[in-house]
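The values are calculated or read from the model by the stated rules, or taken from the named source; none is laboratory data. These numbers come from a predicted model, not from an experiment. All Cβ positions, even for glycine, are placed from backbone atoms using ideal geometry, and neighbour counts span all protein chains on display. Accessible surface areas use protein heavy atoms only, side chains included; no ligands, DNA or RNA. Shrake-Rupley method; radii C 1.70, N 1.55, O 1.52, S 1.80 Å.
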Amino acid sequence: MKKEKMIKENVKKENTKKAKILLTIITIILLIVVIILAFLVFQKYILKKNFENDILGFVDKNQSTIFTVDSITLFSSADAGYKTNTANNFTIQNLYQYTDIAVFIKNTADEDTLENTLKKVTIENIQFTNTPNLGEPKLYFKSINDFAKSDIVEDNLIADSFEFTVSSSDEADLSTPTLYNNLANPLTFSYVNSNIKSDYTITDISSPITYDGSLLQKCNVNLEDIQCSLSFDILITNNLDQDFKTTVSIDIPLTSNDGSILDGNLTVRKDTNYPFYRYR
């Protein structure tokens, strides 16, 4: 009997010991869960506060609009590279369509200040959002002196980003990428879609061949095959070292209510409202 009693007591002690261990494990697990939940709640709170602070900071920086893209003028035409002419036909190399782009930025104040004048202007994040079926689209800097001319300077190709020189001099050389710091002149570019057709022979030479948009019709180019849209970011630093940014989107004009590029050339002016937001 004594032995049985001892065995029962030992079993009871062992069960009690196991129960204490199990309770300790459960307590530790619950404590870990509480700590994790508290951390997640705190992390969510911190993220929420940071987001609120970012929003409030953004709103505080953008209580008023300092710069905006006021309008964009576009001139579309076409040309070709090397041409050979015989009595019965006319062969061209590198038929290309180009659209010269003038982006006009204005400030919203009546007087020039450190806040609304330019210190630095950069173009970046160039995207061809709707690429043409024919040709190779690229974007170039275009001198305002050469605007609406078909000359393409390969050295002016914009690959990733492009920075304009900012000047306050009345003698600024506008044949180079230079902007007056008071926004007196536009940003000028040229969209070029090259090699739409190459080594192409025009057999219909009954009417004069003109080196403009009418070449597209002579070469049997469907305008739907060369439609394109592009976008790019314009970044401005003003003379208070504040940074502003906007994104400009452009549909390359090939037709309008007033005509078509097939008539020779096409000029379109678009009133726009691309406000710059201050991000730093």
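Some notes on this structure:
- Here's the picture: charge each Lys and Arg Cβ at +1 and each Asp and Glu Cβ at -1 in the chain, and of Asn220, Ser249, Tyr140 the one pushed furthest to the positive end of that dipole is Ser249.
- Estimated from helices alone, the mean residue ellipticity of the chain at 222 nm is -8500 deg cm²/dmol (sum of -39500 (n - 2.57) over DSSP H runs with n ≥ 4, per residue).
- Accessible surface calculations at 1.4 Å, restricted to protein heavy atoms, place the chain at 60 Å² per residue.
- Note on segment 114-231: with neighbouring protein chains present and a 1.4 Å probe, carbon and sulfur make up 40 percent of its accessible heavy-atom surface.
- Computed over the chain, relative contact order equals 26 percent, with contacts defined as Cα pairs under 8 Å that lie 6+ residues apart.
- Restricting the calculation to alpha carbons of segment 83-144 gives Rg and Dmax of 20.3, 64 angstrom.
- When the Cα positions of Thr178, Phe128, Phe162 are compared along the charge dipole of segment 105-233, Phe128 comes out farthest toward the positive end, with charges on each C-beta of Lys, Arg, Asp and Glu.
- Segment 124-195, relative contact order in percent, only Cα pairs under 8 angstrom and at least six apart counted: 44
- Among Leu37, Leu22, Ile66 the positive-end extreme of the charge dipole of the chain (Cβ point charges): Leu22
- Cα-based shape type of segment 68-209, given that a ≥ b ≥ c are square roots of the gyration tensor eigenvalues and the cut on a/c is 1.5: prolate
- Checking every one of the chymotrypsin sites (Phe, Trp or Tyr not before Pro) in segment 195-276 against DSSP loop status and a limit of 15 other Cβ atoms within 10 Å picks out Tyr211.
- Given 15 as the ceiling on other Cβ atoms within 10 Å, longest exposed-site-free region of the chain for GluC sites (Glu not before Pro) in DSSP loops: 1-110
- In the chain, the longest principal axis of the Cα atoms and the axis of helix 2-61 are about 30 degrees apart.
- Evaluated with a Cβ-only charge set (Lys, Arg +1; Asp, Glu -1), the chain carries a dipole of roughly 3640 debye about its Cα centre, given to the nearest 20.
- The modelled label-to-label distance between Phe39 and Asn185, using points 7 Å beyond Cα along the C-beta direction, is 6.0 nm.
- Oblate is the label for segment 117-162. Its Cα gyration tensor axes, ordered a ≥ b ≥ c, give a/c of at least 1.5 and b/c at or above a/b.
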